[in-house]
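Heads up: the structure comes next, in structure tokens.
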Amino acid sequence: MSYTASVVGGSGFTGGELLRVLSGHPEFEVVQATSRSRTNKTVGHAHPNLRHLDLRFSDPEDLESVDVLFAATPHGVSMGEIDRFREAATTVVDLSADFRLDSEAGYEEWYDGHERPELLAESVYALPELNREALPGAELVAAGGCNATATILGLMPLVEEGVLTDDDRVVVDVKVGSSEGGAGGGEAAAHPERSGVVRPYAPTGHRHEAEIEQFLGLDVSFTVHAVDMTRGASATCHVFPGEPVSKGDLWGAYRGAYEAEPFVELVAGGGGVYRYPEPKAVAGTNRAEVGFELDPSNGRVVCFAAIDNMLKGSAGQAVHAANLALGIEETAGLDFRGLHPVGAP
């Protein structure tokens with residue numbers, strides 16, 4: 001069975017990645033992509049890699065009826081347009097932050113409140129490794145934030161195995177590429193300003209902390225740096241367990257969590273150049289690499305996760321979740337393994 005799909009906000013970076021993935025998906029037919037700024041322009045006008053698509057951007061006010069609508073819009077848009085989106089599609093997958101948290105109080109604390117708090121209880125968080133059982137049949141799906149996704153994947157095995165509890169200290173440092181700022185990233189994203197930097201742009205109070213707290217039950221000390229790469233997010237998590245832990249315990253936790261996961265690979269030490277998770281190795285894919293190291297001198301556990309922020313951290317995660325929601329083979333349209341060697345991710 002094939003499904004029709006539309007992408008609202010299709011001219012942005014994430015919208016382009018959605019269109020790229022969906023155009024090669026065996027079960028989806030993209031029938032509409034919207035853009036206010038590029039209405040009537042071809043998709044290739046915004047995304048040169050998609051010049052082969054016979055599709056023009058339409059006005060977002062003129063939504064077609066489809067099976068699945070993917071909303072790649074800025075925060076605040078989807079909550080105001082959700083009724084129109086749901087009239088147009090049976091399943092809505094939102095890639096903004098509008099439906100990620102489960103309470104109005106969370107939006108009051110981390111954002112600027114919420115226009116439709118009554119819908120938060122039915123929204124399903126999209127990250128399959130965390131929430132697979134809740135996705136089949138879901139009609140309102142919320143893709144996770146890229147920095148939260150990397151951090152959750154790095155820490156989740158330790159929480160599930162009880163190695164890490166809510167009383168333990170956790171310090172997380174995330175390095176992200178410039179595409180996280182979107183196609184209109186502003187002055188700070190201009191090449192002369194961005195090139196060569198390791199810039200702490202959210203030393204404290206990053207909004208993605210809310211997702212980590214909600215889904216892992218952890219209070220983390222969280223900092224994000226902008227670095228000189230185009231795509232990718234790399235989370236380094238320093239964990240100080242209250243009880244001693246062995247390397248065998250860590251191998252058991254990570255293998256138990258991810259051995260059967262189609263898009264997560266364990267990279268912990270070993271040989272070669274890429275001994276630990278590296279965004280460059282997963283650029284352009286829906287894959288995540290996770291790993292760890294134990295510091296025997298002080299019992300500190302250092303765990304790592306690397307993803308492509310626009311794929312596993314956004315568009316790829318959204319399509320993966322849509323596959324599960326609709327009963328499609330979960331890996332459909334997402335098997336690209338990436339390239340090596342490759343330029344800056």
(request) Take the alpha carbon gyration tensor of segment 91-225, find the square roots of its eigenvalues, order them as a ≥ b ≥ c, and report rounded if a/c is under 1.5; if not, report prolate when a/b exceeds b/c, else oblate. (result) oblate
(request) Would you work out which of 174, 155, 107 lies farthest towards the positive end of the dipole of segment 103-204? Charges go on Cβ: Lys and Arg +1, Asp and Glu -1. (result) 174
(request) Once you have a ≥ b ≥ c as the square roots of the Cα gyration tensor eigenvalues for segment 31-98, tell me rounded if a/c is under 1.5, and otherwise prolate or oblate according to whether a/b is larger than b/c. (result) prolate
(request) Give the calculated FRET efficiency between residue 102 and residue 160 to the nearest 0.05, with a Förster radius of 22 Å applied to their Cβ-Cβ distance. (result) 0.65
(request) Go through segment 240-251 residue by residue and turn each phi into a ³J(HN,Hα) via Karplus (6.51, -1.76, 1.60, θ = phi - 60°); whole Hz please, and just put x for glycine and proline. (result) 10, x, x, 10, x, 9, 9, 5, x, 4, 5, 4
(message) Of 210, 290, 254, which is farthest towards the positive pole of segment 146-307's charge dipole, taken about the Cα centre with +1 and -1 on the beta-carbons of Lys, Arg and Asp, Glu respectively?
(response) 290
(request) Return, ordered by residue number, the residues of segment 197-215 whose backbone nitrogen is under 16 Å from a label point located 7 Å along Cα→Cβ of residue 173. (result) 197-204
(message) Given contacts defined as C-alpha pairs under 8 Å and at least six residues apart, what's the relative contact order of segment 3-122, whole-number percent?
(response) 22
(request) Sequence neighbours fewer than 8 away in the same chain don't count; with that in mind, list the lysines whose C-alpha is under 17 Å from residue 312. (result) 175, 280
(request) Report relative contact order for the chain in percent, whole number only (criteria: Cα-Cα under 8 Å, sequence separation at least 6). (result) 17
(request) Using a/c under 1.5 as the rounded threshold, could you call the chain rounded, prolate or oblate? The axes a ≥ b ≥ c are square roots of the C-alpha gyration tensor eigenvalues, and prolate needs a/b larger than b/c, oblate otherwise. (result) prolate
(message) Suppose each label sits 7 Å from its Cα in the direction of the beta carbon; what would the residue 255-residue 90 distance come out to in nanometres?
(response) 4.2
(message) Highest mean first, how do 256-266, 29-39 rank when packing is the count of other Cβ atoms within 10 Å averaged over residues?
(response) 29-39, 256-266
(message) What does the net charge come to around residue 116 if you take all other residues with beta carbon closer than 9 Å to its beta carbon, with K and R at +1 and D and E at -1?
(response) -4
(message) So if I take the centroid of the Cα atoms in segment 100-153 and the same for segment 6-53, what is the distance between those two points in Å?
(response) 24
(request) Only loop residues by DSSP count here, and only those with at most 16 other Cβ atoms within 10 Å; note down the GluC sites (Glu not before Pro) in segment 105-152 that meet that. (result) 115, 122, 139
(message) Quick query: amide H of residue 41 versus all other amide H atoms, modeled in the peptide plane; which residues come in under 5 Å with a sequence gap of 5 or more or a different chain?
(response) 57
(message) On C-alpha positions alone, give me the angle between the axis of helix 316-326 and the longest principal axis of the chain, in degrees, nearest 10.
(response) 70
(message) Amide H of residue 310 versus every other amide H placed in the peptide plane: which residues, excluding those fewer than 5 positions away on the same chain, fall under 5 Å?
(response) 232
(request) Step through the residues of segment 126-142 one at a time and calculate ³J(HN,Hα) from phi using the Karplus curve (6.51 cos²θ - 1.76 cosθ + 1.60, θ = phi - 60°), rounding each to whole Hz and writing x for Gly and Pro. (result) 7, 5, x, 4, 9, 9, 4, 5, 8, 7, x, x, 5, 10, 9, 10, 10
(message) Nearest 10 degrees is fine. How inclined is helix 13-23 to the longest principal axis of the chain, computing both from alpha carbons?
(response) 70
(request) Could you list which residues have their amide H under 5 Å from that of residue 124, counting only those 5 or more apart in sequence or on another chain, with H placed in the peptide plane? (result) 140, 141, 142
(message) Suppose the chain between residue 246 and residue 188 were pulled fully straight at 0.36 nm per residue; how much longer would it get relative to their current alpha carbon spacing?
(response) 16.6 nm
(request) Tabulate in residue order the Karplus-calculated ³J(HN,Hα) for segment 201-218, using 6.51 cos²θ - 1.76 cosθ + 1.60 with θ = phi - 60°, rounded to whole Hz; enter x for Gly and Pro. (result) 9, 9, x, 9, x, 5, 4, 5, 4, 4, 5, 4, 5, 5, 8, 10, x, 10
(message) Give me the percent relative contact order of segment 146-307, please, defined on Cα pairs under 8 angstrom at least 6 residues apart.
(response) 29
(request) Compute the acute angle (0 to 90°) between the alpha-carbon long axis of helix 77-88 and the principal axis of greatest extent of the alpha-carbon atoms of the chain; round to the nearest 10°. (result) 60
(request) May I ask you to compute the full-extension gain from residue 37 to residue 64, defined as 0.36 nm times their residue separation minus their alpha-carbon distance, rounded to one decimal in nm? (result) 7.9 nm
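Every read-out reported here was derived from the displayed coordinates using simple, explicitly stated rules and does not represent laboratory data. In this text, all values refer to a predicted model and were calculated from it rather than measured experimentally. Here the Cβ is made from the backbone with ideal geometry for all residues, glycine too, and neighbour counts use every protein chain on show.
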